[in-house]
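Report on the following structure.
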Amino acid sequence: MMPVNDEFNPLSEEELRQMEEDDLFRRRVRDEVRRIQSGEAQKDIERDIEEQEAAEAEQTRKEAKKRLKRSRLFYQLFSGSILQNSSVTKHYGHLIAIAVASLVSIMVMFTALYADMKYSRLEREVQLMRERSIRLREQLYQHTTHAAVVEELQKRGIRLQEPSKRREVVED
C-alpha cells in the first residue's frame, strides 16, 4: 500500500476555499478594470441607462393612459368614481343594474309596439284583400251566369245549344 497524500498542508479546507473565492474576486475586479479602461463598460452603462429610461417612459405612458381612461365621463358613470360619497358608491352597482334593466324594458316595449303596429297593418291589408276577393267573385259569378253567357254568345253571333242528353245523377 502506498500512502495517498502524506504532505502536510497547514491550511484548512475553509481557508483554501476562501483563497479560491478571493482569487476569483481579484480576477473579476481586474477584468472589470480592463473593461472600464477600454471604454466597454461605459457603453454598457449607457445602454442600461437608456433601457431604464425607456422602461420609465413606458410606465408613465401607461399611467397617463390609465388616468385619461379614468377621467372619461362614460367610465366614471359606470365605475361609480364620479360619486364623492362612499356610502352611495357601494350601492352604485345596483343603480346601474336597475338603469340597464329599465332601458332593456323600454326597448322591449317599443319592439312589442312596433310588432303590434305591423300586425295591425297586415291585418288591415288582409281584410282589404278579402273584400276585393269577394267583389271579384261576385263579378265572376255575374259574368258566368247562364243569362250572361247567352247574352255574350248572342253578341258574337253564336247560337247556344242545350245538351241533347239529360243529366243524370249517379248514386252510389
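Nothing in this text is a laboratory measurement; each read-out follows from the coordinates by a stated rule. Being a predicted model, the structure only gives us computed values, none of them experimental. Because the Cβ atoms are built from the backbone with ideal geometry, glycine has one as well, and the counts that use them run over all protein chains shown.
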(Q) Counting only other residues whose beta carbon sits under 12 Å from that of Glu58, what net charge do I get with K and R as +1, D and E as -1? (A) -1
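Between Gln37 and Ala57, what FRET efficiency comes out of the Förster formula 1/(1 + (r/R0)^6) with R0 = 41 Å and r the beta carbon distance, rounded to 0.05?
Working: r = 32 Å, r/R0 = 0.79.
So, using R0 = 41 Å, E works out to roughly 0.80.
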Q: Show which lysines lie in cross-link reach of Lys90 when reach means a straight Cα distance below 29 angstrom and same-chain residues fewer than eight apart are skipped.
A: Lys62, Lys65, Lys66, Lys69
Q. Expressed in whole Å with the largest first, what are the equivalent ellipsoid semi-axes of the stretch 86-159 derived from the C-alpha gyration tensor as the square root of 5 times each eigenvalue?
A. 69, 6, 5
Q) Applying 1/(1 + (r/R0)^6) with R0 = 30 Å to the Cβ-Cβ distance of Ile98 and Lys69, what FRET efficiency is obtained, to the nearest 0.05? A) 0.75
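Provide Rg over Rh for the stretch 13-71; use the alpha carbon set for both Rg and the Kirkwood Rh (inverse mean inverse pair distance).
On the way: Rg = 21.3 Å, Rh = 15.1 Å.
When Rh is taken as the Kirkwood radius, the ratio is 1.41.
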